[in-house]
Amino acid sequence: MAEPGIVVFGYHDVGYECLDALIQRGGRVLAVFTHRDNPEEKIWFKSVAELARRHQIPVYTPDNANTSEWMTRLREMQPEIIFSFYYRHMIGQEILDIPRLGAFNMHGSLLPKYRGRVPINWAVLNGETQTGVTLHYMVKRPDAGDIVDQEAVSIGPMETAQDVFIKVTVAARNTLERNIDAIKQGRPPRRPQDESQASYYGGRQPDDGRIEWHVDAGRIFNLIRAVTHPYPGAFTDIDGRRFFIWWAEPRPEVEGQPGQVVSVAPLRVAAGPGCLEITKWQWRGGPEQEGAAHGLRLNQVLGE
């Protein structure tokens with residue numbers, strides 16, 4: 001029996017690793033749809049487009065694959081399977097209906113929890129101790145289709161979103177490799193999601209990294225590790241200047257109003273409640289630094 005034709009919509013490291021897994025397993029990948037890199041975005045991940053071109057797979061980067069022109073071209077390709085691996089655009093129902101063996105998405109959470117955008121960053125920000133990946137059938141509603149398989153990964157108390165993303169990428173490849181043969185044979189497992197357990201989170205913008213000093217120090221720490229490098233970072237404003245905090249750790253509560261600098265060396269700032277010891281920081285436009293922050297004074301209140 002001939003290998004079924006596959007069209008991949010993919011981006012980022014999960015897209016790269018899952019496409020590579022298909023190639024290494026002899027998958028007949030007809031085409032890859034991906035994104036042009038945004039020059040304003042820090043590109044720290046591998047290129048799906050480069051991997052595809054290295055293996056002579058046609059690469060397309062439409063701004064919208066749901067136009068009549070692209071749907072016609074997809075039908076002409078006659079894919080029997082469609083995969084979406086961290087593709088950032090919605091794929092319409094007309095495209096999902098094309099493949100005979102189904103359309104499947106790899107999502108970076110243990111669905112039905114954390115449907116939507118940037119689920120790993122949200123999980124770290126919310127102080128979760130576990131997340132994972134879910135391979136699921138694609139339906140019109142995002143991240144709502146029946147589950148094929150899942151794999152959990154732990155979130156350590158000091159891990160950043162990037163640390164967790166690395167583990168999730170490995171789990172994504174493992175999950176695909178466990179199920180690719182069943183999908184090709186038209187017999188993958190499926191179980192419905194429990195809608196009563198569903199949660200949805202939207203995308204995050206750089207401005208969402210603003211620190212609110214009146215919240216618990218542990219919550220602020222979770223924000224910092226959720227958006228530190230390679231993401232845009234957590235920040236506060238000081239006398240009209242933006243001050244990025246790339247790493248800090250909670251310390252026992254000290255007397256001081258939220259945002260107040262209670263120590264300069266080491267640099268500690270009161271939260272509400274608790275305290276944060278800031279160890280890596282940067283004024284916007286300046287170099288990243290460690291230790292005491294020159295220019296801050298005792299009892300100065302941040303974020304005002």
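Assign one of three labels to region 31-142, namely rounded, prolate or oblate, based on the Cα gyration tensor with a ≥ b ≥ c the square roots of its eigenvalues; rounded applies when a/c is under 1.5, prolate when it is not and a/b is larger than b/c, and oblate otherwise.
Oblate, because a/c is 1.5 or more while a/b does not exceed b/c.
7 Å from Cα along Cα→Cβ at both Lys280 and Glu255: what's the point-to-point distance in nm?
Inter-label distance under the simple model: 3.4 nm.
If I model a spin label at Arg178 and Arg100 as a point 7 Å from the Cα along the Cα→Cβ vector, what separation in nanometres do I get?
2.8 nm
So I have (i) 18.8, 54; (ii) 22.2, 74; (iii) 17.8, 51, and one of them is Rg and Dmax of the Cα atoms in Å calculated from this model. Which one is it?
The listed entry that was calculated here is (ii).
Using a Gaussian network model on the chain with a 10 Å cutoff between Cα atoms, which of Val59, Val215, Val32 fluctuates the most?
Of the options given, Val215 has the highest mean-square fluctuation.
Going by amide H atoms built from the backbone, whose H comes under 5 Å of the H on Tyr60, apart from near neighbours?
Val32, Phe33, Thr34
Could you identify which residue out of Pro39, Pro273, Pro62 has the top mean-square fluctuation in a GNM of the chain using Cα springs shorter than 10 Å?
Maximum among the listed residues: Pro39.
Considering only DSSP beta bridges with both partners in the chain, what is the antiparallel share in %, to the nearest 5?
Here the share of antiparallel DSSP bridges comes out near 65 percent.
Do you know the relative contact order of region 206-290, to the nearest whole percent, from alpha carbon pairs under 8 angstrom that are 6+ apart?
28 percent
Is the shape of region 1-81 rounded, prolate or oblate, going by the alpha carbon gyration tensor and its root eigenvalues a ≥ b ≥ c, with a/c under 1.5 for rounded and a/b larger than b/c for prolate?
oblate
Give me the net charge of Leu101's neighbourhood, meaning all other residues with Cβ under 9 Å from the Cβ of Leu101; Lys, Arg count +1, Asp, Glu -1.
+1
Note down the relative contact order for region 147-304 as a percent, whole number, built from C-alpha pairs under 8 angstrom at least six residues apart.
19 percent
Can you tell me the 0 to 90 degree angle between the C-alpha axis of helix 217-227 and the longest principal axis of the chain, rounded to 10?
For helix 217-227, the angle is close to 40 degrees.
Relative to the longest principal axis of the chain, what angle (0 to 90°, nearest 10) does the C-alpha long axis of helix 12-24 take?
Value to nearest ten degrees: 30.
How high is the relative contact order of the chain, in percent, with contacts defined as C-alpha pairs under 8 Å that are six or more residues apart?
13 percent
If the cut-off is a Cα-Cα distance under 17 Å, which aspartates and glutamates reach Lys280, setting aside same-chain residues fewer than 8 apart in sequence?
Of all the aspartates and glutamates, those that pass the test against Lys280 - Cα under 17 Å, at least 8 places apart if same chain - are Glu159, Asp237, Glu249, Glu288, Glu290.
Values in this text are rule-based calculations from the coordinates and carry no lab data. Everything numeric here is computed off the predicted structure, so don't read it as measured data. No Cβ is skipped: glycine too gets one built from the backbone with ideal geometry, and neighbour counts run over all protein chains shown.
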